[in-house]
Amino acid sequence: HRDGGSALALAEMAYHRGFSVAILSNAYNWEFMERASTAAVPGHTPVDAREAHVALDAVHRDLAAQFPGRISKRVLMGYSMGAFHAFFIAAAEHSKDNELVSFDRYVTLDAPVQLRLGMEELDVFYNAPLAFPPQERAARIKNIIQKTVSLARGQLEPDVELPLTEIEAQFIIGLTYRLTLA
């Protein structure tokens, strides 16, 4: 979501380096699906990227109308699936049919290169607690979730390592992925 911590942190970094910033929610986010998508469900990357590009074009046109002559260069920054969509948007710019906003530069962060492999790895992460003995598994999973909730309620410091084992961290990453899909 455009108000999510990662999006805001990246926007703040760009802003502090002299850029004006506009943020869109990801094509998989409920807000984007409700307000900008024409597809019944997201998940077909060429369609999702095209719809993101259409939304970016609408934002650009609106800002250009509000602030004539003030937009000099346009940089598209995408994170995760937004970065994957940015690759498709960049490729579409070279199409003779493209009449949408074009960008002078692209910045992509943590773009998934092989989606299937990435999803399979996230499933492996979700199943990490299978390494625990069966009789302990439920209690240890409950403990991981309680520890994570406790960490989320406290003040996390960027330079302090999280007190999670590798298996615990993998499970939380896999669980977050599954919850996001739901």
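Things worth noting here:
- For segment 40-49, a tally of residues being part of a loop (DSSP other than H, G, I, E, B) and surrounded by 14 or more Cβ atoms within 10 Å (Cβ to Cβ) returns 1.
- Residues that are of a type in the set (Phe, Trp, Tyr) and assigned to a helix (DSSP H, G or I) within segment 3-39 comprise 15, 30, 32, listed in sequence order.
- Restricting attention to segment 82-101, the residues that are buried (at least 16 other Cβ atoms within 10 Å of the Cβ) and within 17 Å of residue 57 (Cβ to Cβ) add up to 9.
- Subset of segment 50-81 that is among the hydrophobic types (A, V, I, L, M, F, W, C) and assigned to a loop (DSSP other than H, G, I, E, B) - its residue that is most open to solvent (accessible area, probe 1.4 Å): 67
- Against the conditions (1) at pLDDT below 90; (2) closer than 28 Å to residue 179 by Cβ; (3) open to solvent by less than 70 Å² (accessible area, probe 1.4 Å); (4) not aliphatic (A, V, I, L, M), residue 28 satisfies every one except (3).
- Scope segment 60-76; condition of a type outside the set (Val, Ile, Thr) and in contact with a Phe, Trp or Tyr (Cβ under 8 Å, 6 or more places away or on another chain); matching residues: 74, 76
- When segment 102-121 is filtered for residues that are among the hydrophobic types (A, V, I, L, M, F, W, C), in a loop (DSSP other than H, G, I, E, B) and either modelled with pLDDT under 90 or loosely packed, with under 14 Cβ neighbours inside 10 Å (or both), the ones remaining, listed by number, are 111, 113.
Table: residues versus (1) small (Gly, Ala, Ser); (2) on the phi < 0 side of the Ramachandran plot; (3) touching a helix residue (DSSP H, G or I) at 6+ places or on another chain (Cβ under 7 Å).
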{"residue": "67", "(1), (2), (3)": "no, yes, no"}
{"residue": "77", "(1), (2), (3)": "no, yes, yes"}
{"residue": "87", "(1), (2), (3)": "no, yes, no"}
{"residue": "91", "(1), (2), (3)": "yes, yes, no"}
{"residue": "97", "(1), (2), (3)": "no, yes, no"}
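- Applying a threshold of 7 Å to beta carbon distances and a minimum spacing of six or more residues, or different chains, the list of pairs starting in segment 161-175 at a residue that is of a type in the set (A, V, I, L, M) and ending at one that is open to solvent by 40 Å² or more (accessible area, probe 1.4 Å) and modelled with pLDDT of 95 or more reads 167/131; 173/125; 175/126.
- Total residues in segment 132-182 satisfying the condition of being among the β-branched types (Val, Ile, Thr) and open to solvent by 90 Å² or more (accessible area, probe 1.4 Å): the figure is 2.
- Matching residues, segment 122-131, being surrounded by 15 or more Cβ atoms within 10 Å (Cβ to Cβ) and either under 20 Å from the mean Cα position of the chain (by Cα) or modelled with pLDDT under 95 (or both): 122, 125, 126
The values are calculated or read from the model by the stated rules, or taken from the named source; none is laboratory data. Not measured: the values here are computed from a predicted model. Cβ: placed from backbone, ideal geometry, glycine included. Neighbour counts: every protein chain shown. The accessibility values were calculated without ligands, DNA or RNA, using every heavy atom of the protein model including side chains. Shrake-Rupley method; radii C 1.70, N 1.55, O 1.52, S 1.80 Å.
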